[in-house]
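See below for the structure under consideration.
The values are calculated or read from the model by the stated rules, or taken from the named source; none is laboratory data. Note that the coordinates shown come from a computational prediction; the quantities given were computed from them, not determined experimentally. Every residue, glycine as well, gets a Cβ built from its backbone with ideal geometry; the counts of neighbours run over all protein chains shown.
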């Protein structure tokens, strides 16, 4: 961080690797990224950005994170009489 205590949403987006506006607002809404509201504006504290990065760090290989065995099994489609799912 460059020494600021509070970052505007656009600055925080850039500090987090250029994530999208939707992504940062989703993180804020889900409580994963703390914010401070001053008047009608919302700011992200430098500490919240640091905490989010620290909490998001992993040592798991990206090739293993998409492993199909981690996904729940797909349930079979049970068709009614006549064998068709359409009506």
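When 54, 46 are checked against the criterion of being out of contact with any strand residue (DSSP E or B) (no Cβ under 6 Å at 6 or more places or on another chain), closer than 16 Å to residue 27 by Cβ, at pLDDT 90 or above and exposed (fewer than 10 other Cβ atoms within 10 Å of the Cβ), a single residue qualifies: 54.
Of the candidates 10, 14, 2, the single residue that is modelled with pLDDT under 95 and out of contact with any strand residue (DSSP E or B) (no Cβ under 8 Å at 6 or more places or on another chain) is 2. A search for C-beta distances below 8 Å between a residue of the range 16-37 that is closer than 16 Å to residue 56 by Cβ and any residue that is assigned to a loop (DSSP other than H, G, I, E, B), counting only pairs 6+ apart in sequence or on different chains, returns 24/16; 24/33; 27/33; 28/35. When you check residue 44 against the structure, is it within 23 Å of residue 57 (Cβ to Cβ) and in a loop (DSSP other than H, G, I, E, B), yes or no? Judged against the criteria, residue 44 is not a match. Selection within the range 57-85: residues that are in a helix (DSSP H, G or I) and within 30 Å of residue 11 (Cβ to Cβ). The member of this set that is modelled with the lowest pLDDT is 65.
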